[in-house]
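First comes the structure, then the notes that go with it.
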Amino acid sequence: MADYDVIVIGAGVGGLSTAALCQKAGMKTLVIEQSNRIGGCCSTFEAEGFHFDVGASVVEAPQAFNELFKRLELNIDDYIPFYKVDPLYDYCDNTRGIRFAIPTSIEGTAEVIAQFSPEDAKAFIKFAKKYTPRIKALMNHFFFAPSQGFTDIIRLVRKYPGVIQALPMFLTTHQKIVARYFKNPDVLASMAFQSFYAGLPPDLCAGLYAIVGLVEHEGIFYPKNGGMIGIPNGIKKAFKEMGGELRLNSRAVRVIVDRGIARGVELWDGTEITSRNVVGAINAKKLYIDMIGREHIPWYVWRGINSMKLSMPCPMVYLGIDYEPPLRAHHTLTLTDPRVMNDYWSEYYLKGKLYEKDGEPEVMGLISWASKIDPRLAPEGKHVITHMGLAPYNLAGNDWDRHKQKWIDQAIKTIEKYIIPDLSKHVVYRDMATPKDLERMLLHPGGAVYGIQTDLSHMSVFRPANKSKCIENLYLAGASTNPGGGVCTVIAGGIITASLIEKYSK
Ligand SMILES: Cc1cc2nc3c(=O)[nH]c(=O)nc-3n(C[C@H](O)[C@H](O)[C@H](O)COP(=O)(O)OP(=O)(O)OC[C@H]3O[C@@H](n4cnc5c(N)ncnc54)[C@H](O)[C@@H]3O)c2cc1C
């Protein structure tokens, strides 16, 4: 008799969602987490009275949350109350005297765009009209459906013919889609940068991501209960109320495999825990290569897993400041021409170089001001801002541990140049998580944000499957498997994985 029906490795949002649904289905479920905190990249830590979000700073696609709590038969507001975030972004570049905020409403956004280009404003309405039904088809059907193989895709298309309209978006790039609609350079840049949410520049990112900007117009949200950790805390609450078990400070080092069947896990201290099913809600490469091993995996799967690319890391800077910053939105960024974004990838990222503009180091990125919406995240009169940047894991001729303080200085200098002129005078707390720190903290190889890269060759049937194809009773959840990375997306993945476990456990 096994100790558990299901063991989930990793208490990120993907692991916790899977665990809550398995427990709800009557399976005795244990979650093991190597660190002393839940949530992984969607979490919050406290330092000197400031509460900083580790990585994720907002969520979109409420469908995933609603579906999870519907299946748990619970009222989401009792577990994860949300603020609505509006405007979506403030774009600011003091060097050009340009500043405009994009609201949630489609009509409001068209009015803002019209100030730059009436043609682009009309094009935005057309863009929204064409792609919103496709978003709905994808969100309602594709998002929660397994794509273990081509037969799953064919079955889905037969059942929901509307999905087929969305398929061409997989076959083109983000840049090609938005360039068809928008001509003004600033408007185009405001529609193209979201490709980096998939960890890729616009001309390499799948066209599907062109709709991320539109999905945000359905609303973006921030938890009311203590920063982004409010999300995993809410799911954990539901899981524990139903009798689920969670162990912190418990690192899994091996999946016990016997004659091709997963039988449990071994912890760092040698303890073995048996289970009828094992879920790896961690990086898929790490799971297969380090925790299962060559001897249990057919050569072609081993080769495939080894050849998968890791997604891009995002260095995070955490700043506590002693005044209310002159920001106007939860998220602020400086627009960057899509050509620069594409060049950044080939000329800097792939060569291990840090970005420079006119010979000066610059730190491109997105500022998040969480204490605007929830003042309890900072001591009275003070605020928290985080800066999410882009950079390679391996630095040519440099090392992240050596470069850390310089990166923080350069981030502050870049923000001063474009957005908040006197920021450095107000910083009373500063720290950062480099890609190396994220690797150490969360055991993310290469500090990869979404586990496995999210280009066409690593999506859907080409991504590591939610139900392992080579080890019986082994399942995957989280950003490395389908449908991919992002908080709402790993919840959708948790729904898929838990339903597969239920189906195959019967
Ligand atoms: C900087 C950054 C910014 C982001 N911004 C956003 C955003 O604004 N909105 C959004 O929707 N998404 C965002 N994302 C993506 C999103 O946060 C992630 O895709 C999602 O949270 C991943 O969830 P997960 O469950 O796959 O894994 P993770 O969050 O990676 O959690 C995995 C957990 O497993 C644990 N673990 C690892 N190995 C072991 C082991 N051997 N034994 C036990 N435990 C183990 C880790 O400690 C961790 O807690 C961001 C990510 C980052 C890094």
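List every residue pair whose Cβ atoms sit under 6 Å apart, with the two residues 6 or more apart in sequence or on different chains, where the first one lies in the range 470-483 and is under 14 Å from residue 301 (Cβ atoms) and the second, anywhere, is more than 13 Å from the ligand (Cβ to nearest atom) and in a loop (DSSP other than H, G, I, E, B).
470/297; 470/298; 472/260; 474/468
Hey, among the residues in the range 274-302 that are away from the ligand (no atom under 12 Å from the Cβ) and assigned to a strand (DSSP E or B), which one's farthest from residue 439 (Cα to Cα)?
Here the answer is 276.
Would you be able to tell me the number of residues in the range 345-372 that are at pLDDT below 90 and buried (at least 19 other Cβ atoms within 10 Å of the Cβ)?
Of the residues in that region, 1 qualify.
Going by what's in this entry, would residue 412 be described as more than 16 Å from the ligand (Cβ to nearest atom), more than 30 Å from residue 260 (Cα to Cα) and touching a residue at least 40 places away in the same chain (Cβ under 8 Å)?
Considered against the rule, which asks whether it is more than 16 Å from the ligand (Cβ to nearest atom), more than 30 Å from residue 260 (Cα to Cα) and touching a residue at least 40 places away in the same chain (Cβ under 8 Å), residue 412 comes out as yes.
Would you be able to tell me the number of residues in the range 20-60 that are crowded, with 24+ Cβ neighbours inside 10 Å, within 11 Å of the ligand (Cβ to nearest atom) and over 22 Å from residue 316 (Cβ atoms)?
1
Being within 13 Å of the ligand (Cβ to nearest atom) and over 17 Å from the mean Cα position of the chain (by Cα) is the filter here, so list the residues in the range 437-463 that pass it.
Selection gives 437, 440.
Can you tell me which residues in the range 474-490 are in a loop (DSSP other than H, G, I, E, B), under 12 Å from residue 17 (Cα atoms) and hydrophobic (A, V, I, L, M, F, W, C)?
Going residue by residue through the range 474-490, those that are in a loop (DSSP other than H, G, I, E, B) are 477-486.
Filter again for under 12 Å from residue 17 (Cα atoms), leaving 477-478.
Hit for the range 474-490 is 477, nothing else.
Let me spell it out: the conditions are (1) at negative phi; (2) part of a loop (DSSP other than H, G, I, E, B); (3) within 13 Å of the ligand (Cβ to nearest atom), and residue 221 meets all of them except one. Which number is the exception?
(2)
Of (1) surrounded by 22 or more Cβ atoms within 10 Å (Cβ to Cβ); (2) aliphatic (A, V, I, L, M); (3) more than 16 Å from the ligand (Cβ to nearest atom), residue 305 satisfies all except one. Which?
The one condition residue 305 does not meet is (1).
Which of the residues that make up the range 406-434 are among the β-branched types (Val, Ile, Thr), crowded, with 19+ Cβ neighbours inside 10 Å and farther than 16 Å from residue 94 by Cβ? Outline the logic, then answer.
Initially, the range 406-434 is screened for residues among the β-branched types (Val, Ile, Thr), giving 408, 412, 414-415, 419-420, 427-428, 434.
Filter once more, keeping what is crowded, with 19+ Cβ neighbours inside 10 Å: 408, 412, 414-415, 419-420, 434.
Residues satisfying the conditions are 408, 434.
In the list 479, 492, which residue meets the criterion of being within 16 Å of the ligand (Cβ to nearest atom), closer than 30 Å to residue 354 by Cβ and not charged (D, E, K, R)? Please lay out each step first, then the result.
Details: 492 fails: closer than 30 Å to residue 354 by Cβ.
From the options 479, 492, the qualifying one is 479.
Are any residues in the range 239-254 of a type outside the set (S, T, N, Q) and within 10 Å of the ligand (Cβ to nearest atom), and if so, which ones?
247, 248, 251, 252, 253, 254
Any residue in the range 428-448 that's more than 20 Å from residue 50 (Cα to Cα): show its pairings with residues that are within 12 Å of the ligand (Cβ to nearest atom) and polar (S, T, N, Q) at Cβ separation under 7 Å, as long as the two are six or more apart or on different chains.
Filtered contacts from the range 428-448: 443/34; 444/283; 445/283; 448/283; 448/311.
Take the range 1-17 and flag every residue that is more than 27 Å from residue 450 (Cα to Cα), outside any loop (DSSP other than H, G, I, E, B) and either out of contact with any strand residue (DSSP E or B) (no Cβ under 7 Å at 6 or more places or on another chain) or aliphatic (A, V, I, L, M) (or both).
Passing the criteria: none in range.
Which pairs have Cβ atoms under 7 Å, sit 6 or more apart or on different chains, and link a residue in the range 27-56 that is farther than 23 Å from residue 222 by Cβ to one that is within 7 Å of the ligand (Cβ to nearest atom) and not hydrophobic (A, V, I, L, M, F, W, C)?
31/15; 32/250; 33/10; 33/250; 34/250; 34/251
Which condition number in (1) under 27 Å from residue 373 (Cβ atoms); (2) crowded, with 20+ Cβ neighbours inside 10 Å; (3) away from the ligand (no atom under 12 Å from the Cβ) is the one that residue 84 fails?
Here residue 84 clears every test but (2).
I need the full set of residues from the range 255-273 which are in contact (Cβ under 8 Å) with a residue 12 or more places away in the chain and more than 13 Å from the ligand (Cβ to nearest atom), in order please. Step through it out loud before you land on a result.
First, pick out the residues of the range 255-273 that are in contact (Cβ under 8 Å) with a residue 12 or more places away in the chain: 255-257, 260-268, 272-273.
Of everything in the range 255-273, those that are in contact (Cβ under 8 Å) with a residue 12 or more places away in the chain and more than 13 Å from the ligand (Cβ to nearest atom) turn out to be 256, 257, 260, 261, 262, 263, 264, 272.
Return the total of residues in the range 308-332 being part of a loop (DSSP other than H, G, I, E, B), at pLDDT below 95 and not hydrophobic (A, V, I, L, M, F, W, C).
Residues meeting the conditions: 2.
Of everything in the range 18-58, what is touching a Phe, Trp or Tyr at 6+ places or on another chain (Cβ under 6 Å) and part of a loop (DSSP other than H, G, I, E, B)? Give them in sequence order.
Selection gives 28, 48, 58.
Quick one: in the range 2-19, which of the residues that are within 14 Å of the ligand (Cβ to nearest atom) and hydroxyl-bearing (Ser, Thr, Tyr) is nearest to the chain's Cα centre (by Cα)? Please lay out each step first, then the result.
Residues of the range 2-19 that are within 14 Å of the ligand (Cβ to nearest atom), as a first pass: 7-19.
This time we only want the ones that are hydroxyl-bearing (Ser, Thr, Tyr), so: 17-18.
Details: 17: 15, 18: 17 Å.
Filtering first and then ranking leaves 17.
The values are calculated or read from the model by the stated rules, or taken from the named source; none is laboratory data. Since the structure is predicted, the reported quantities are computational estimates derived from the model, not experimental observations. With ideal geometry, Cβ positions are generated from the backbone for all residues, glycine too; neighbour counts draw on all protein chains shown.
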